[in-house]
1. Can you tell me how many residues within segment 363-392 are acidic (Asp, Glu), open to solvent by less than 50 Å² (accessible area, probe 1.4 Å) and in a loop (DSSP other than H, G, I, E, B)?
2. Say we look at segment 26-67 and pick out the residues that are surrounded by 22 or more Cβ atoms within 10 Å (Cβ to Cβ) and among the small types (Gly, Ala, Ser); which of these is farthest from PHE169 (Cα to Cα)?
3. Being farther than 27 Å from TYR61 by Cβ, hydrophobic (A, V, I, L, M, F, W, C) and either out of contact with any Asp or Glu (no Cβ under 8 Å at 6 or more places or on another chain) or at pLDDT 95 or above (or both): is that true of CYS129 here?
4. Would you confirm whether any residue within segment 57-64 is touching a residue at least 12 places away in the same chain (Cβ under 8 Å), among the charged types (D, E, K, R) and in contact with a Ser or Thr (Cβ under 6 Å, 6 or more places away or on another chain)?
5. Checking ASN244 against (1) over 24 Å from LEU83 (Cβ atoms); (2) free of Cβ contacts under 8 Å to residues at least 60 places away in the same chain; (3) in a loop (DSSP other than H, G, I, E, B); (4) open to solvent by 30 Å² or more (accessible area, probe 1.4 Å), which single condition isn't satisfied?
6. Looking only at segment 210-241, count every residue that is open to solvent by less than 40 Å² (accessible area, probe 1.4 Å) and in a helix (DSSP H, G or I) and tell me the total.
7. Answer yes or no: is there a residue in segment 261-277 that is among the small types (Gly, Ala, Ser), within 18 Å of TYR366 (Cβ to Cβ), touching a Phe, Trp or Tyr at 6+ places or on another chain (Cβ under 9 Å) and part of a helix (DSSP H, G or I).
8. Would you confirm, using the coordinates I've provided, whether LEU145 is more than 22 Å from GLU315 (Cα to Cα) and either open to solvent by less than 10 Å² (accessible area, probe 1.4 Å) or modelled with pLDDT under 95 (or both)?
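The values are calculated or read from the model by the stated rules, or taken from the named source; none is laboratory data. What you are looking at is a predicted structure, and each value in this text was computed from that prediction instead of being measured. Cβ atoms come from the backbone with ideal geometry, glycine included; neighbour counts cover every protein chain shown. The area values use the complete protein model at the heavy-atom level, side chains included, leaving out ligands, DNA and RNA. Shrake-Rupley method; radii C 1.70, N 1.55, O 1.52, S 1.80 Å.
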Amino acid sequence: YIDGNGVMRWSDTRREASFFGVNYTLPFAHAYRAIGYLGLDRKAAIDKDVYHISRLGLNAYRIHLWDVELTDGEGNLSENDHLDLMDYLIAKLKERNIHIVITAQTNFGNGYPERNIQTGGFSYKYDKCDMHSHPEAIAAQETYLHGLVKHVNPYTGLAYKDDPSIVGFEINNEPCHSGTKEEVKAYINRMLKAINKTGNRKPVFYNVSHNGYVVESYYETAIQGTTYQWYPIGLVSGQTQQGNFLPYIDRYDIPFSDKVKGFDKKTRMVYEFDPADIMYSYMYPAMVRTFRTAGFQWITQFAYDPMDIAYANTEYQTHFLNLAYTPHKAISMKIAAEAARSLKRGESYGSYPQDTLFGDGFRVSYTEDLSELNNGKKFYYSNHTNTQRPAP
C-alpha cells in the first residue's frame, strides 16, 4: 500500500518496500512471433527466462500490454493466446516471489521491428495522440480497463485486482495528450472510475514524464503513483557506444518536483530505464544509486531478452540484456538489485568520481568495466577484479 506521504509499504510489517527488475515481453509482439518462427514452446521459454530472472535476484516485473493483441474494436478483452501466456507468466513470477506492475495499454501497433499486423484491436482505429480525447476511444479504454482489472487468471484462480503479487496498475504507456489540463484530468478520472468499479483497491499509477504542459493535472487526480523513465545516453544510436558514461548519471532531476502541489504525496516508479547501446557492465548499480537518491521505490529496466532469441538481439537492438548472452551486464543487474534493496531512499552519495564507491561494499569502475559488491557476506563481480575478500 502507499501511505499518506507517498511511500510504498508492506501491509503486514509497515516497512518500506523496494522493487528492482525488468520488463520482458514474450507474450506479445515480436518476441511472441519470433519464438513461433523457431517452432518453440512459448511456455517452456517463459519457464527458462523466469528462472534466470529469479537467479539474478530480481523482485519486480513490469510490462506494457499490447492492447491491440488483447482487444476487439470496442475494447472488450479477448480470451486468446496472448492473454493466456500473460496469465501463465504471472503465475510463474508469483512462484518466485516476483512482484508485478501491469501497464494496461500501449495504444500503438504490434509490429516493431517488423510491420504491424492488423488485429481488430481498438487502438488501431485511432492515432495515439487522439486516443485520450476521442469519445469512442475513451469509451473503449473504459471497457478494456474494467475487463482487464477484473479478469480472473486461470493459473492462479485470482482476478488481477485481487492478486497480491500484482502491486498495481498503470493506466497507459507514455500517453500523448493534446487537450487542456481540465480535459486531461477528466480523462484520467474516467479511467480511474472504470478501474474502481471492479472493486480494485490496488494503487493506480500514471506517467508524469510526458506532456509536461499538463503535469499539474496529474497531481490533481486520485492516482497514487507517478512513473518516470531514464535513457541517459540516448536510444537507437545504431552502433555500440563507447566511453565513460558515469558522469552522465550523477543526478536524476525532476524539474517540477518543487513546483507541483502534492508532488511528495504520490509514490515514484521508474517504469523503464537502460544505458542503451552499450555492452559495458559498470552502469546499472550506479543508476540505481541515483534513483534511490531521487526517492524511487520501483525500478524496472527495459528490456530483458528472451533466451531463445537473445543470441540474435532482434527484439530491441538498442537494448540487450540476458543472463546467458550478456553475462557481464546481467551480473551488474544482480549487483544493482542488491543496491536497490540496501541503499536508503533519499540518501546522497556525491558526484563523480567520489560516488563510484557507495553503500555497503558497492563499487563501479569504467576503467575496469566493473560492477562489484563486496560486503563481507556477498562477493559479486561483473568482470575481472583484484579486490580481495575480507573473510574468504
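1. Result for segment 363-392: 1.
2. Here the residue is ALA31.
3. Considered against the rule, which asks whether it is farther than 27 Å from TYR61 by Cβ, hydrophobic (A, V, I, L, M, F, W, C) and either out of contact with any Asp or Glu (no Cβ under 8 Å at 6 or more places or on another chain) or at pLDDT 95 or above (or both), CYS129 comes out as yes.
4. Yes, some residue in segment 57-64 is touching a residue at least 12 places away in the same chain (Cβ under 8 Å), among the charged types (D, E, K, R) and in contact with a Ser or Thr (Cβ under 6 Å, 6 or more places away or on another chain).
5. Going through (1) over 24 Å from LEU83 (Cβ atoms); (2) free of Cβ contacts under 8 Å to residues at least 60 places away in the same chain; (3) in a loop (DSSP other than H, G, I, E, B); (4) open to solvent by 30 Å² or more (accessible area, probe 1.4 Å) one by one, ASN244 breaks only (2).
6. Selection size over segment 210-241: 5.
7. So far as segment 261-277 goes, no, none of its residues is among the small types (Gly, Ala, Ser), within 18 Å of TYR366 (Cβ to Cβ), touching a Phe, Trp or Tyr at 6+ places or on another chain (Cβ under 9 Å) and part of a helix (DSSP H, G or I).
8. Against the criterion (more than 22 Å from GLU315 (Cα to Cα) and either open to solvent by less than 10 Å² (accessible area, probe 1.4 Å) or modelled with pLDDT under 95 (or both)), LEU145 qualifies.
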